[in-house]
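What follows is one structure encoded as structure tokens, with my remarks underneath.
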Amino acid sequence: MNVVGLLAFAVAGSLKAADAGLDAFGVTVLGVVTALGGGTTRDVLVDRIPASLATTGDVSVALVGVALAVLLIRRTPDHVRVRDTPAFLVSDAVGLAAFAATGALVGTGAGLTPYGVVVLATVTAVGGGSLADLLVGRVPVVLREDFYATPAVLGGVAFWAVGSLGGPSSVQAGVCAGLVFATRMLALRYDWHLPRIRVEGGGEN
């Protein structure tokens, strides 16, 4: 799950950087930050040395993802916005799903409450992408798109529910990742949104 998430988010972050017009260094930085940001935040929250700093494995996988993204960027026509391509949308959904599952696994291993497991699943899934958005001067997608963090929350709840029924961790992770990926892709396909709260006359004195 971790390797899948690292690769997928490195690709997604690099494609996002290409859309923002960043150079080769910027593409690499954004790809690595997107891949490692959520997991690093997760590890700090459970009071352990981030895996990205303890070994070279995570960084190496992220750099492979960046290289894959560069190949995709070179094959994308100039008039096409990279963020609208299936390569970006699918890789982002895969990363979201994989990291929600790894966050929930780490939360369970750390002995967190069900609430803590759901929070860690969500933070791991959306943390890297949020940092990347801030670096390119955008409001993080998690605050703009209703059904981005929501699938991660649902996945974390499903992870806990399967565990409470006695399911093994592998089944918990599979159900979590599958639900997150399916929900995110359906949200993209059918343009799902949560109800918006508006204040009538909020702009008037």
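Brief remarks follow.
- Some residue of the range 146-154 being open to solvent by 40 Å² or more (accessible area, probe 1.4 Å) and out of contact with any helix residue (DSSP H, G or I) (no Cβ under 8 Å at 6 or more places or on another chain): no
- The number of residues in the range 155-168 that are in a helix (DSSP H, G or I) and either in contact with an Asp or Glu (Cβ under 7 Å, 6 or more places away or on another chain) or farther than 21 Å from Thr183 by Cα (or both) comes to 1.
- Residue tally, condition open to solvent by less than 80 Å² (accessible area, probe 1.4 Å), in contact (Cβ under 8 Å) with a residue 40 or more places away in the chain and not hydroxyl-bearing (Ser, Thr, Tyr), over the range 69-86: 6
- Checking the stated criteria, Asp43 turns out not to satisfy the condition of being open to solvent by 30 Å² or more (accessible area, probe 1.4 Å) and either under 20 Å from Ala100 (Cα atoms) or out of contact with any Ser or Thr (no Cβ under 7 Å at 6 or more places or on another chain) (or both).
- Matching helices (runs of 4 or more DSSP H) fully within the range 1-114 where at least 3 residues are modelled with pLDDT of 95 or more and under 16 Å from Gly156 (Cβ atoms): 24-45, 86-109
The values are calculated or read from the model by the stated rules, or taken from the named source; none is laboratory data. Since this is a predicted model, take the numbers as computed values, not measurements. Neighbour counts run over all protein chains shown; Cβ positions are idealised from the backbone, glycine included. Side chains are part of the model used for accessible areas, which takes the heavy atoms of the whole protein and leaves out ligands, DNA and RNA. Shrake-Rupley method; radii C 1.70, N 1.55, O 1.52, S 1.80 Å.
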